[in-house]
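Everything below concerns the one structure shown next.
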Amino acid sequence: MDDHVTDKAGTPAEPDGPTGDGAEPSDAAATDAGSRPDAAAGAPEGADGGSGTAGEDAGSGTAGARADAGSGANRRRHVLRWAALGTSAAVLAAAGAGWWLYHKLDGNITTDTSAAAELEAYEKERPSALVTGAQNILLLGSDTREGEGNDRYGKDAHNSQRSDTTILLHIAGDRQSVTAMSVPRDLMVTIPSCGRPGGKRTREQIAQFNWAFQFGGAACTIRTVEKFTGIRVDHHMVIDFRGFKDMVEAVDGVEVCLTEPIDDKAARLKLPAGRQTLRGEEALGFVRARKTLGNGSDTERMERQQQFLGALVKKVQSNGVLLNPTRLYPVLDAATKSVTTDAGLDSLKDLYDLTRALRNVPTEKVQFLTVPRKPYRLDPNRDELVQPTASELFEQLRKDADVRVVPERRTDRDTGGDASPAPTPTFPGTNAAEGMCE
């Protein structure tokens, strides 16, 4: 085959060189083109089919076009290589950052190992779970003064702690409803014999409920709740003062509406009447205040806590926190730093799976209520269960059956005021859809 034809078709490229139609002219082709000046000179200028100046210009233009095309292809290849390199670096950086954030949040969580040992020792006494898929999580708000920033709420000479707030969170098996049942701190119950730090044990006794946490921590509280409700507690979480404040800060505060001003020195709280947004410190004072609000009872404080938590849930769901990683991270960081859980919830994956399962629950199906109680017959400053209403509520939760919660002023009207029970048991309470300013 003629060498010139071979060169016009394109000399095979080097491994790293240009390929295909964009190949640069070979040196052989350039030399061959430059070795024919006599033929070009002997032809009439502009003659058809000749190799004169016009033909020379055309050849020169073709070679230049090929050179330009080859140079453009090289530039495109360089751009693509740098783009691929940049993309790879970005993916690696994102993966590294994601790994770091995951392990940071995961490492924030504290595991309660002592509770597991105590509960295992008394497994035979504990109630069985009746429904697969449903979960009961005991939320404990500790009033301990230990930890950064907590000593400002008062000194405790005995370095003790009690469950300032206790809520049994029932998550339905179909994940379509959540019922949060508050347990009054002054409810008189039977507290079983519980293990104390150092190996000693308390005796079984009738005492106010929040002593259980002081006697034996989360394990003693769980066993006490299981004893008077018959409901199996699957998991538990303990959160302190600082953790609650950080959670509220992470969602930019919660809106409340006050019918009258508040000035409570014990809770370090002074607020005007009206609509306002409470952030960390003020929010904590609001849910802890008791002596100067209403009749000063723990009952009213629990109702206020339930309303505030409902407003918090509503805000989290309405402003896209759960679906926005940049807004979700501060919430997770605050939560994981301040929470102590059992081994079944002590990983970020466990908490995220729980959050994801709850994010689509309608706010009107996130319900809050308090165990049915009345003044204790031996001491009106304490509470006791109202029977058989309390047992009916516990049975509904134990069976994962429907519970209807309505404002207290509507319960009599909704049941018709006669002896015929409503199809779904109805209890006084509130839900997250109502908020605090509705």
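Picking from residues in the stretch 104-124 that are charged (D, E, K, R) and open to solvent by 40 Å² or more (accessible area, probe 1.4 Å), the one that is farthest from Lys349 (Cα to Cα) is Lys124. Within the stretch 285-301, the residues that satisfy the criterion of being buried (at least 21 other Cβ atoms within 10 Å of the Cβ) and at pLDDT 85 or above are Phe286, Val287.
Restricted to the stretch 191-275, the set of strands (runs of 3 or more DSSP E) holding at least 1 residues that are surrounded by 22 or more Cβ atoms within 10 Å (Cβ to Cβ) comprises 235-239, 254-258. Of everything in the stretch 350-371 that's under 10 Å from the mean Cα position of the chain (by Cα) and more than 18 Å from Lys314 (Cα to Cα), which residue is most open to solvent (accessible area, probe 1.4 Å)? Here the answer is Tyr352.
Selection of the stretch 128-143 for residues being of a type outside the set (Val, Ile, Thr) and either within 22 Å of Asp174 (Cα to Cα) or without any contact (Cβ under 8 Å) to a residue 24 or more places away in the chain (or both) yields Ser128, Ala129, Leu130, Gly133, Ala134, Gln135, Asn136, Leu138, Leu139. Taking Asp346 as the residue in question, decide whether it is among the acidic types (Asp, Glu) and within 10 Å of the chain's Cα centre (by Cα). Considered against the rule, which asks whether it is among the acidic types (Asp, Glu) and within 10 Å of the chain's Cα centre (by Cα), Asp346 comes out as no. None of Pro423, Pro428 is surrounded by fewer than 18 Cβ atoms within 10 Å (Cβ to Cβ), at pLDDT below 90 and not in a helix (DSSP H, G or I) except Pro423.
The values are calculated or read from the model by the stated rules, or taken from the named source; none is laboratory data. Bear in mind that the values here come from a model prediction, so they are computed numbers and not experimental data. Methodologically, a virtual Cβ is constructed for each residue, glycine included, from the backbone with ideal geometry; neighbour enumeration extends over all protein chains shown. We work out accessible area using only protein heavy atoms, side chains counted, and drop any ligands, DNA or RNA first. Shrake-Rupley method; radii C 1.70, N 1.55, O 1.52, S 1.80 Å.
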